[in-house]
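For reference, the structure is listed below as structure tokens.
Since every read-out is calculated from the coordinates, none of them should be taken as a lab result. All figures in this text were calculated on a predicted structure; none of them were measured in a lab. Note that each Cβ is placed from the backbone with ideal geometry, even for glycine, and that neighbours are counted across all protein chains shown.
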Amino acid sequence: MDYGEVIKGDKLVLRGLKFHGFHGVKPEEKKLGQKFLVDVDTWMDLQTAGKSDKLSDTISYTEIYCKLKTLWRDHLIIFWSPWLSSSHLRP
């Protein structure tokens, strides 16, 4: 993937997302879990949505949040996950 081409797309910014995850070094962190505050920048091509002005052609912020919440609960995300690409966010 050409990272430069991804950045040329439309940028969606989500700030201050709060998740509970079971990640850490200590056994207590893995057993009890802890709160994480997450900021996400994502790039995608939203030209179709801009031209059609149809909600069905865009990406749901709620869906992004729910996918991230599930990923964060089950796996610690450090950087970028291909699972979050726009093709996985479409119904």
Amide H proximity to ASP10 below 5 Å, modelled H, separation 5+ or other chain, gives MET44, ASP45, LEU46
Using the beta-carbon distance between LYS26 and SER52 and R0 = 41 Å, what value does 1/(1 + (r/R0)^6) give for FRET efficiency, to the nearest 0.05? 0.25
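In which sequence would LYS30, LYS54 go, from the one with the fewest C-beta neighbours within 10 Å to the one with the most? Let's see the in-between values first.
Values: LYS30 13, LYS54 9.
Fewest-to-most Cβ neighbours within 10 Å comes out as LYS54, LYS30.
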What is the fewest-to-most order of ASP10, ASP53, ASP41 by other Cβ atoms lying within 10 Å of their Cβ? ASP53, ASP41, ASP10
